[in-house]
1. Does residue 33 qualify as being outside any loop (DSSP other than H, G, I, E, B), out of contact with any Asp or Glu (no Cβ under 7 Å at 6 or more places or on another chain) and either of a type outside the set (A, V, I, L, M, F, W, C) or free of Cβ contacts under 8 Å to residues at least 60 places away in the same chain (or both)?
2. Would you be able to tell me the number of residues in the range 246-304 that are more than 20 Å from the chain's Cα centre (by Cα) and at positive phi?
3. What tally of residues in the range 264-287 results from selecting those that are more than 16 Å from ligand 2 (Cβ to nearest atom), outside any strand (DSSP E or B) and either at pLDDT below 95 or closer than 30 Å to residue 103 by Cα (or both)?
4. Test residue 199 against the criterion of being in contact with a helix residue (DSSP H, G or I) (Cβ under 7 Å, 6 or more places away or on another chain) and either in contact (Cβ under 8 Å) with a residue 24 or more places away in the chain or in a helix (DSSP H, G or I) (or both), and give yes or no.
5. Confirm whether residue 292 is modelled with pLDDT of 95 or more, surrounded by fewer than 21 Cβ atoms within 10 Å (Cβ to Cβ), away from ligand 1 (no atom under 13 Å from the Cβ) and not polar (S, T, N, Q).
6. Output the qualifying pairs, or none if there are none: Cβ atoms under 8 angstrom, residues six or more apart or on different chains, first residue in the range 233-252 and without any contact (Cβ under 8 Å) to a residue 40 or more places away in the chain and surrounded by 12 or more Cβ atoms within 10 Å (Cβ to Cβ), second residue among the charged types (D, E, K, R) and not in a strand (DSSP E or B).
7. Can you tell me which residue is nearest to ligand 2 (Cβ to nearest atom) among those in the range 93-126 that are part of a strand (DSSP E or B) and within 14 Å of residue 147 (Cα to Cα)?
8. Scan the range 312-331 and give yes if some residue there is under 14 Å from the mean Cα position of the chain (by Cα), in a helix (DSSP H, G or I) and either surrounded by fewer than 15 Cβ atoms within 10 Å (Cβ to Cβ) or not aromatic (Phe, Trp, Tyr) (or both), otherwise no.
Amino acid sequence: MAQTTPNHTQTVSGWAAHDTTGKITPYIFKRRENGVNDVTIEILYCGICHTDLHQVRNDWGITMYPIVPGHEITGLITKVGSNVKGFKVGDKVGVGCLAASCLDCEFCNNSQENYCDQVQFTYNGIFWDGSITYGGYSKMLVADHRYVVHIPENLAMDAAAPLLCAGITVFCPMKDNNLVGGAMGKKVGIVGLGGLGHVAVKFAKAFGHHVTVISTSPSKQIEAKARLGADDFIVSTDDQQMQKARRSLDFILDTVSAKHSLGPILELLKVNGTLVFVGAPEKPIELPSFPLIFGKRVVKGSMIGGMRETQEMMDICGKHNITCDVEVIKPDNINEAMDRLVRNDVRYRFVIDVAGNSSAR
Ligand code: NAP
Ligand code: ZN
């Protein structure tokens, strides 16, 4: 088990889960001193990603307790190390899922640090000094500046926070599939209208595509169209609606957090269409072969994004004024928010008001 090293001298208050119940309680812990490559960040806001829920309950069997979750972090820089260029005290910044990578492999050299074999995450990772990483459900963070991005001036810090994970996770597969700045007017399907899904709808619309939401929740239909700008809405449990939409989509992004079959969803793709899977259910998903072979369809995965892409996405959000639809909560209400996330009762992301600046509920 990783040990806290001697230079972890800074006392920080945060919130942690201690066992598989996932119950979050206040937790005092230590962070490292600000190193030459580090910046220290006063955390203002942190989004509650469904990954936090998977992790605090040990859904994936990899959780090291106590766990301080949180990888959708926005805040203000309070200290910069002597090697740090491009950041200064007072800057509005964000930190997502990445805490460290080898900085020397083909992926790191190409700013695809997220695919580095030695990547370490913002929480539940093991940093180079052997310490366990603790995330953004806390008042302060020390981060290597290579994993920090600038937040455009015009974006609100609470509504921008989920862009650091939800945003970049849906941006990258769109970019990879030539939907950002490439051909417009593609038929794009977004499966699951949650934290990731609602940003995906906003992005796909901003990039000029025709967007169909594929959802298990009929109650989300009106808002999906009126607020988020979706063109069509299919209730995935309605066979007739699914049949009608067969072979209509060029590209599908599946953001669903629970086990489900890809078969009926693949039928919605045109011949040669691509489905990218970003949801991470704890159980294997069903992938029947017939819809694949009959439509020469492709299924791929994608994990968050690299640092260059994360800054690019942030700048695009600044340009188009895209942020997330958030419900800001007080730290005392994290458990209630997590219970509501389990019940799919959030429009569309909870964000913790860590610094106590908002009129959070
Ligand atoms: P979320 O806010 O809970 O949204 C997930 C959505 O999936 C729900 O809103 C719901 O949408 C749908 N859904 C839930 N249960 C379902 C079920 N049993 N059957 C069908 N649909 C269901 O979660 P999120 O924060 O967007 O995260 C989604 C998933 O992505 C999680 O597994 C998370 O760990 C993963 N993730 C992956 C990456 C990556 O890098 N690949 C990054 C971040 C998160 P409807 O009501 O519209 O059906
Ligand atoms: Zn996340």
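The values are calculated or read from the model by the stated rules, or taken from the named source; none is laboratory data. The model shown is predicted, which means the values in this text are computed figures rather than measured ones. Every residue, glycine as well, gets a Cβ built from its backbone with ideal geometry; the counts of neighbours run over all protein chains shown.
1. Judged against the criteria, residue 33 is not a match.
2. Number satisfying all stated conditions: 3.
3. 4
4. On the way: in contact with a helix residue (DSSP H, G or I) (Cβ under 7 Å, 6 or more places away or on another chain): yes; either in contact (Cβ under 8 Å) with a residue 24 or more places away in the chain or in a helix (DSSP H, G or I) (or both): yes.
Criteria met by residue 199.
5. Details: modelled with pLDDT of 95 or more: yes; surrounded by fewer than 21 Cβ atoms within 10 Å (Cβ to Cβ): yes; away from ligand 1 (no atom under 13 Å from the Cβ): yes; not polar (S, T, N, Q): yes.
Yes: the conditions hold for residue 292.
6. Partner pairs satisfying both residue conditions: 233/220; 233/225; 242/267; 246/267.
7. The qualifying residue nearest to ligand 2 (Cβ to nearest atom) is 121.
8. yes
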